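Notes to accompany the following structure.
The values are calculated or read from the model by the stated rules, or taken from the named source; none is laboratory data. Since the model is a prediction, treat every value here as computed from it, not as a measurement. So basically every Cβ, Gly included, is an ideal-geometry build from the backbone, and we count neighbours across all protein chains shown. Side chains are part of the model used for accessible areas, which takes the heavy atoms of the whole protein and leaves out ligands, DNA and RNA. Shrake-Rupley method; radii C 1.70, N 1.55, O 1.52, S 1.80 Å.
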Amino acid sequence: MITRGHYIGEIVDELSSISEQVKLRNKLGMTDLTVIVENFFRDLLNATLGAQLENLNKSRSNEPGLDLGDEKIGLGIQVTSTASSDKVNKTLEK
């Protein structure tokens, strides 16, 4: 019998794999996966939070500060593979 923990483990493993792929591709200047991942998380968060997040980069490439936003509920999300305090502070400044 497959347990809930097994499914959660698979999800965590796959998300970690995506994260590493994004980091490596970005270092090589290949940002195609970054765009796909932003839309993946938009859809995932909309389904789980009941939000109506939009990709803020759709009309302007690399929108400063936030990548996803739901103006109706006042929610903004930065999708990034960089987990440094410098990245967080730069995002907050914008």
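You will find that of 62, 55, 26, 39, the residue that is modelled with pLDDT under 95, at positive phi and either out of contact with any helix residue (DSSP H, G or I) (no Cβ under 9 Å at 6 or more places or on another chain) or not hydroxyl-bearing (Ser, Thr, Tyr) (or both) is 62 and no other.
Taking the range 40-50 on its own, how many of its residues are surrounded by fewer than 17 Cβ atoms within 10 Å (Cβ to Cβ) and within 13 Å of the chain's Cα centre (by Cα)? Steps first, answer last, please.
Our first condition is that a residue be surrounded by fewer than 17 Cβ atoms within 10 Å (Cβ to Cβ); within the range 40-50, this holds for 40, 43-44, 46-50.
Going one step further and asking which of them are within 13 Å of the chain's Cα centre (by Cα), we end up with 40, 43-44, 46.
Summing the residues that are surrounded by fewer than 17 Cβ atoms within 10 Å (Cβ to Cβ) and within 13 Å of the chain's Cα centre (by Cα) in the range 40-50 gives 4.
Is it true that residue 2 is β-branched (Val, Ile, Thr), more than 15 Å from the chain's Cα centre (by Cα) and at pLDDT below 90? It is true that residue 2 is β-branched (Val, Ile, Thr), more than 15 Å from the chain's Cα centre (by Cα) and at pLDDT below 90.
Evaluating residue 90 against the criteria (1) exposed (fewer than 14 other Cβ atoms within 10 Å of the Cβ); (2) free of Cβ contacts under 8 Å to residues at least 24 places away in the same chain; (3) basic (Lys, Arg) leaves one unmet condition, (1).
Each row is one residue, and each column tells you yes or no for (1) within 12 Å of the chain's Cα centre (by Cα); (2) open to solvent by 60 Å² or more (accessible area, probe 1.4 Å).
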position	(1), (2)
18	yes, no
28	no, yes
33	yes, no
52	no, yes
58	no, yes
65	no, no
76	yes, no
82	yes, yes
85	no, yes
